[in-house]
2 protein chains.
Amino acid sequence: MNQKTPPIIILVRPQLPENGGAVARAMGNFGLKSLRLVEPLFSPLDPKAIAMAAGADSILEAATIHSSLEEAIADLPYVYGTCAVERLMVKKYMPVREAMPEIAACERVGIVFGPERTGLSNEELPKFRAILQVPVDPEFSSLNLAQSVAITAYEWYQTQGNFKGKLHLGDTIPATNDQIQGFLGALEHALDETHFWRIDHKKPIMWRNLQNIFTRMDLTEQEVRTLHGVIKSLRGQP
Amino acid sequence: MNQKTPPIIILVRPQLPENGGAVARAMGNFGLKSLRLVEPLFSPLDPKAIAMAAGADSILEAATIHSSLEEAIADLPYVYGTCAVERLMVKKYMPVREAMPEIAACERVGIVFGPERTGLSNEELPKFRAILQVPVDPEFSSLNLAQSVAITAYEWYQTQGNFKGKLHLGDTIPATNDQIQGFLGALEHALDETHFWRIDHKKPIMWRNLQNIFTRMDLTEQEVRTLHGVIKSLRGQP
């Protein structure tokens, strides 16, 4: 677990309170706490913002208001801008995923998002060490402000843990191989008795295929017990 | 470039037209085209949906309406559900990033999202081969529907290209080493003439530091010309 403080999100001249609230919600989802607003066209406590925050009110309440971008980033050593499309100037652009390890390794990083309609201005871009980009389909590149913050925050959160898939077991535990073989034995016995194989010399391959179905499933103890019951029930046994 | 068709997004009982529109916009941003709605509480052509789609109208216009989840996924060989929190059943959960290579490698994959308030029901989850999750802060795990679709679509799009950071050059080209050394020679000469070094034996280390500033910057031809002009101007030369 990385122990650096999460990046600070800075919105420049945001227009819609709904977006402010949606930004706060997305920040909360991914462990970001600190929001700065430069010349916002709404109050962070606007009811529409609070409604969209869906519980991330504390981020809106703690948001600070700034009269200029310069003032909002004055105390930050590392500040990145965001921009959908490259402008006519010499500037380093980085996909947000590629930039995130260096961002997550630093303290007091600011990430600046421009107004909904226009993005950051050509006069603002030179203030940033680099420009973060969310790669999008060039034929439809207009990313919603809150979506842009959400994906950036998501990428930061991905650096904070090693998220791995797993079989969720509920209140049971994995079956042992012995339990699985016990079920397969019962199944084979039942199929022998009910003349499932029909043509005897086909049994080996049919039985191999059937075993492969049940051994790739990561059966639990409870599931093995259930399957024993299924066999009994199908055979009309009590 | 992977040539498989993108995943199909399936929304079950979505409540708000704004979310339908925001989902369409996010799909468009990341190259997804196909949207299916199961018992939606709004028309995909609701003006609020169209407004939030911000140009992704074609996705809403092509969306199909289905009377049940079963009908909506009947033709799909691979169907994943989504769910924020593990339920009390034995089920495979995968972070969306980890699952995406197998999703991107298949044709006709469906990804199903539940209603805003409740998510997919315990009766619906068994229909899916696995459950995709966006890892979120456990203290604030309520992810907006459109954000959830956006991050899923973003992760799919990330599998479609090798996105790399670069210095965007505008209309100029990188300076050659010869041009950079030419500038450094002019700078050293000017600093010699203006007695910058003061203590002669300190020049080697000071000059090494100064060179390191200018050689780590990936200067362009235009920037080198500009810097030559800066030196001239500072020296009061025409």
Open item on the list: Against the definition (more than 11 Å from every other protein chain (Cβ to nearest Cβ) and open to solvent by 10 Å² or more (accessible area, probe 1.4 Å)), how does B:P101 come out, yes or no?
Closed with: yes
Open item on the list: I'm told B:Y78 meets every condition in (1) touching a strand residue (DSSP E or B) at 6+ places or on another chain (Cβ under 9 Å); (2) open to solvent by less than 70 Å² (accessible area, probe 1.4 Å); (3) away from every other protein chain (no Cβ under 14 Å); (4) touching a residue at least 12 places away in the same chain (Cβ under 8 Å) except one. Can you identify the failing condition by its number?
Closed with: (2)
TODO: Could you grab me the full set of residues in region A:142-174 that are part of a loop (DSSP other than H, G, I, E, B), more than 7 Å from chain B (Cβ to nearest Cβ), in contact (Cβ under 8 Å) with a residue 40 or more places away in the chain and open to solvent by 20 Å² or more (accessible area, probe 1.4 Å)?
DONE: A:T159, A:I173
Open item on the list: Can you tell me how many residues within region A:84-107 are closer than 23 Å to B:T220 by Cβ and touching a helix residue (DSSP H, G or I) at 6+ places or on another chain (Cβ under 7 Å)?
Closed with: 4
Open item on the list: Here's a check for you: in region A:39-70, which residue that is within 24 Å of A:E124 (Cβ to Cβ) and of a type in the set (S, T, N, Q) is most open to solvent (accessible area, probe 1.4 Å)?
Closed with: A:S67
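Within region B:175-187, can you find the residues that are open to solvent by less than 30 Å² (accessible area, probe 1.4 Å) and part of a loop (DSSP other than H, G, I, E, B)?
Keep residues of region B:175-187 that are open to solvent by less than 30 Å² (accessible area, probe 1.4 Å), which gives B:175, B:180, B:183-184, B:187.
Selection gives B:A175 alone.
Could you tell me whether region A:121-132 includes any residue that is of a type in the set (K, R) and away from chain B (no Cβ under 11 Å)? Break it down stepwise before answering.
As a first pass, look at region A:121-132 and keep what is of a type in the set (K, R): A:127, A:129.
From what's left, away from chain B (no Cβ under 11 Å): A:127, A:129.
The answer is yes; a qualifying residue exists.
Take the residues in region A:1-19 that are in contact with a strand residue (DSSP E or B) (Cβ under 9 Å, 6 or more places away or on another chain) and within 14 Å of chain B (Cβ to nearest Cβ), then tell me which one is least open to solvent (accessible area, probe 1.4 Å).
Once the filter is applied, the top-ranked residue is A:N19.
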Open item on the list: Name the single residue that is most open to solvent (accessible area, probe 1.4 Å) among those in region A:123-133 being in a loop (DSSP other than H, G, I, E, B) and in contact (Cβ under 8 Å) with a residue 40 or more places away in the chain.
Closed with: A:R129
Task: Conditions (1) touching a residue at least 40 places away in the same chain (Cβ under 8 Å); (2) out of contact with any Asp or Glu (no Cβ under 8 Å at 6 or more places or on another chain); (3) more than 10 Å from chain A (Cβ to nearest Cβ): number failed by B:Q179 - done: (2)
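Within region A:188-206, how many residues are assigned to a loop (DSSP other than H, G, I, E, B), open to solvent by less than 80 Å² (accessible area, probe 1.4 Å) and of a type outside the set (F, W, Y)?
If we filter region A:188-206 for residues that are assigned to a loop (DSSP other than H, G, I, E, B), which is where we start, we get A:194-199.
Okay, now just the ones that are also open to solvent by less than 80 Å² (accessible area, probe 1.4 Å), so A:194, A:197.
Those still in the list that are of a type outside the set (F, W, Y) too: A:194.
Total satisfying the criteria: 1.
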TODO: Being under 25 Å from the mean Cα position of the chain (by Cα), acidic (D, E) and within 18 Å of B:P40 (Cα to Cα) is the filter here, so list the residues in region B:90-141 that pass it.
DONE: B:E116
Task: Matching strands (runs of 3 or more DSSP E) fully within region A:1-118 where at least 1 residues are over 23 Å from A:V136 (Cα atoms) - done: A:8-12, A:35-38, A:64-66, A:78-82, A:109-113
Open item on the list: Looking at B:L219, B:L210, B:L227 in this structure, which one is surrounded by 15 or more Cβ atoms within 10 Å (Cβ to Cβ) and under 25 Å from A:A99 (Cα atoms)?
Closed with: B:L219
- [ ] Being loosely packed, with under 14 Cβ neighbours inside 10 Å and in contact with an Asp or Glu (Cβ under 7 Å, 6 or more places away or on another chain) is the filter here, so list the residues in region A:81-98 that pass it.
- [x] A:L88
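The values are calculated or read from the model by the stated rules, or taken from the named source; none is laboratory data. Please read all numbers here as calculations on a predicted model, not as lab measurements. With ideal geometry, Cβ positions are generated from the backbone for all residues, glycine too; neighbour counts draw on all protein chains shown. Accessible surface areas use protein heavy atoms only, side chains included; no ligands, DNA or RNA. Shrake-Rupley method; radii C 1.70, N 1.55, O 1.52, S 1.80 Å.
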